[in-house]
Amino acid sequence: DTEVTQTPKHLVMGMTNKKSLKCEQHMGHRAMYWYKQKAKKPPELMFVYSYEKLSINESVPSRFSPECPNSSLLNLHLHALQPEDSALYLCASSQGGWGVDYEQFFGPGTRLTVL
Amino acid sequence: DQQVKQNSPSLSVQEGRISILNCDYTNSMFDYFLWYKKYPAEGPTFLISISSIKDKNEDGRFTVFLNKSAKHLSLHIVPSQPGDSAVYFCAASAGSQGNLIFGKGTKLSVKP
């Protein structure tokens, strides 16, 4: 298995909803990342987990809550989002821990729309 | 302040010709550079990378050139194919920081 999978592909939620995004990789990678990408902009790093521990939080609002249940799974819990949070949310992984391997492999993303 | 710049938002090339995508950076601490290709509604796909100790890396039709003194890198695609039409992102990383800094992307269109 040489890919990063993300579910769901699309998500529409209201501002009072609670939802979760899921990311999975079975390549034995030890670092996993959440990025946010708005239209026609580059991906922006949100969180980094290295060896299942949160290593980086790029000052992301608390309405986004990451979780790494095990080395293969990464979740992003969403609560009380704003319409401006609508974006493509990308998960990525890299073989080594944080700062070891530079090549990050991305999943297909979840297209989130907040109404 | 943009540390990684892709000054051409778009590029159009004829099939079979060479595509040259450019990227400039300002942070002299960057020591690893990557190119990603992105189709609409998909995640970026890693294409090719280069370490700062090299000035060229080649993989099939793709070659990346690094000019450290000019803080410039370029991606050459030869020959270009219609399937290469996508947005290309340049990214850079500084040692133990590990964080990838992306440029804004260049949309490449390869016309048959």
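The values are calculated or read from the model by the stated rules, or taken from the named source; none is laboratory data. If you're wondering where the values come from, they're calculated on a predicted model, not measured in any experiment. Virtual Cβ from ideal backbone geometry, glycine too; neighbours counted across all protein chains shown. All accessible areas refer to the heavy atoms of the entire protein, side chains included, with ligands and DNA or RNA removed. Shrake-Rupley method; radii C 1.70, N 1.55, O 1.52, S 1.80 Å.
Can you give the Kirkwood hydrodynamic radius of chain A from its Cα pairs, in Å with one decimal? Walk me through the numbers before you get to the answer.
Numbers: mean 1/r = 0.0715 Å⁻¹.
Hydrodynamic radius (Kirkwood, Cα pairs) of chain A is 14.0 Å.
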* Take every Cα-Cα pair in region A:49-94 and report what % of them are more than 14 Å apart. => 55
* Structure fact -> When chain A is treated as a Gaussian network with springs between alpha carbons less than 10 Å apart, the largest mean-square fluctuation among A:A31, A:A92, A:A39 is found at A:A39
* Across 10 Å bins from the origin, how do the percents of Cα pairs in region A:11-76 run, short distances first? -> 19, 49, 29, 3
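So what is the relative contact order for chain A, in percent, with contacts set as C-alpha pairs under 8 Å and at least six apart?
It rounds to 37 percent for chain A.
Rounded to the nearest percent, how much of the accessible area of chain A (1.4 Å probe, protein heavy atoms only) is carbon and sulfur? List each step's numbers first, then the result.
Details: 2740 of 5530 Å².
Answer for chain A is 50 percent, counting heavy atoms of protein chains only.
Quick one: net charge around B:S8, please, counting Lys, Arg +1 and Asp, Glu -1 for every other residue with C-beta under 15 Å from its C-beta.
Details: positive: A:K40, B:K5, B:K104, B:K107; negative: B:D24.
Result for the neighbourhood of B:S8: +3.
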* To do: Only counting protein heavy atoms at a 1.4 Å probe, give the residues of region B:65-112, ordered by number, whose accessible area falls by 40 Å² or more when the other protein chains are present relative to the chain alone.
  => B:G98, B:N99, B:L100, B:F102, B:K104
* To do: Roll a 1.4 angstrom probe over the protein heavy atoms and tell me the percent of accessible area of region B:1-45 that is carbon or sulfur.
  => 47
* Given C-alpha coordinates of region B:50-89, what is the ratio Rg to Rh with the Kirkwood estimate of Rh? -> 1.02
* Asked: What ratio of Cα Rg to 2.2 N^0.38 Å holds for the protein assembly as shown?
  -> 1.02
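Using a probe radius of 1.4 Å on protein heavy atoms only, what is the accessible area buried between chains A and B, both sides summed, to the nearest 100 Å²? If you can, show how the numbers build up before the last one.
Numbers: alone 6340 and 6180 Å², together 10940 Å².
Looking at A and B, the buried total is near 1600 Å².
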* Each label point is 7 Å from the Cα along the Cα-to-Cβ direction; what then is the distance between the points at A:K18 and B:N27, in nm? -> 3.6
* Structure fact -> Within chain A, the cysteines whose Cβ lies no closer than 4.7 Å to any other cysteine Cβ are A:C68
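Tell me the relative contact order for chain B as a rounded percent, counting alpha carbon contacts under 8 Å between residues six or more apart. Walk me through the intermediate numbers first.
Values: 275 pairs, mean separation 41.8, N = 112.
After rounding, I find 37 percent.
So what is Rg over Rh here for region B:24-96, counting just Cα atoms and using Kirkwood for Rh?
Details: Rg = 12.6 Å, Rh = 12.9 Å.
Dividing the radius of gyration by the Kirkwood radius yields 0.98.
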